[in-house]
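Novice: I have a structure I would like to understand better, so I am pasting it below and will then ask my questions one at a time.
The values are calculated or read from the model by the stated rules, or taken from the named source; none is laboratory data. Model, not experiment: these values are computed from the prediction. Don't worry about glycine lacking a Cβ; one is built from the backbone with ideal geometry, like all the others, and counts go over all protein chains shown.
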Amino acid sequence: MSTSVGEFPNAGMVPVTTGYFETLRIPLVKGRYFNRSDTPDSLPVAIVNSSVARKYWLNQDPGSKVVQTGEPAFPHAGA
């Protein structure tokens, strides 16, 4: 079985710092903004926009989802 990149959900990612959304006055619909306790040593967190939430988790809570960054692994590629 072969897996292609198009079979995996994907979205762009832009790293930002604490205060980014507040500075731009971007309202938070659910969850929390980034804060100073979000460091390279803490559990990773993400903020997704409503378009991504609707596309991949329609009628679900995106706050309960796990998001993987980077390229997907292809364990069956070439099989």
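Novice: Just the residues that are loosely packed, with under 12 Cβ neighbours inside 10 Å and part of a loop (DSSP other than H, G, I, E, B), please, taken from the stretch 50-67.
Specialist: Those that are loosely packed, with under 12 Cβ neighbours inside 10 Å and part of a loop (DSSP other than H, G, I, E, B): Leu58, Asn59, Gln60, Asp61, Val66.
Novice: So which of Phe74, Phe21 is modelled with pLDDT of 90 or more and surrounded by 12 or more Cβ atoms within 10 Å (Cβ to Cβ)?
Specialist: Matching residue, one of Phe74, Phe21: Phe21.
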